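Following: one structure in structure tokens, then a few remarks.
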Amino acid sequence: MNHVEVTLYFSELHLKAVQEELADDGMTLEDKLKEHFAFLYDQLVPPEKQLSIEAEIERIEAQENTEREARRRFGVFHIRENGSDRYFTSELFDSLLSTAYRYRLYDRGELSANPKAFADAFGEVEHISAAQYEELCDRMPNDHRIKVAADYDLDAGTVTTCQSSDNAWWSYRLKDLSVAAFKAHRSNYRGTDSREKIFDTALIGKEIDPPDKTEDEAPDEDEDEAPVMQM
């Protein structure tokens, strides 16, 4: 909703005196002016006009909410760790690469916040239920807001994910995902598109069968374990 700023001028001494008296009652001048405006509105604006105005405000707010929701871009996540399941959406992490690099830093203990669980490494998120997670995953091909869906199973050491770029589900070992993220972030001077290409290339041939159909594999030996400078 658009709000209009109203500027009033008062004598500095008058204003200070009123503010001091209001402060004794735990109020501010703004509180008092809003109170008086509400009184004037009720006294001066006819009830039928008030109803019309409130209906228009609700219509505008609903339209703004719809437009705001349409502009959202977010990822959908399920994380299983130590036998516990967490489901949430995140607007900050909306690509497989961003979450893969986050996992790498978490796994190596390189996050400054030192989260106790991987789900806590995503910062501010919107928690959802398991049913809502499944619903969003099913809706993903036709919902442009959802950029990535990822099922991280830290207990099994795998991730099953789908990105909006191809709407296909793939599974990888977390070890391979971490290595690919490392290669993409090896230089701090690469752009986002360049990193995405390096990341995608590093994952070619690393696809595995769904976790319940594959056996544990030997760890990859091509990882460069040198420290990574974080931005």
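Brief remarks on what is shown
- Within the stretch 99-127, tally of residues that are at pLDDT below 95 and assigned to a helix (DSSP H, G or I): 0
- Of residues in the stretch 22-45 being loosely packed, with under 10 Cβ neighbours inside 10 Å and more than 30 Å from Arg59 (Cβ to Cβ), the one nearest to the chain's Cα centre (by Cα): Gly26
- When the helices (runs of 4 or more DSSP H) confined to the stretch 8-75 are screened for residues that are closer than 30 Å to Gly123 by Cβ, those reaching at least 1 such residues are found at 47-71.
- The number of residues in the stretch 78-98 being under 20 Å from Leu136 (Cβ atoms), part of a loop (DSSP other than H, G, I, E, B) and of a type outside the set (Phe, Trp, Tyr) comes to 4.
- Among the residues of the stretch 139-174, those that are free of Cβ contacts under 8 Å to residues at least 12 places away in the same chain, among the charged types (D, E, K, R) and part of a loop (DSSP other than H, G, I, E, B) comprise Asp143, Asp166.
- Residue match in the stretch 128-138 (condition: outside any helix (DSSP H, G or I), of a type outside the set (Val, Ile, Thr), on the phi < 0 side of the Ramachandran plot and modelled with pLDDT under 95): no
The values are calculated or read from the model by the stated rules, or taken from the named source; none is laboratory data. Nothing here was measured: the structure is a model prediction, and the numbers come from that model. Cβ: placed from backbone, ideal geometry, glycine included. Neighbour counts: every protein chain shown.
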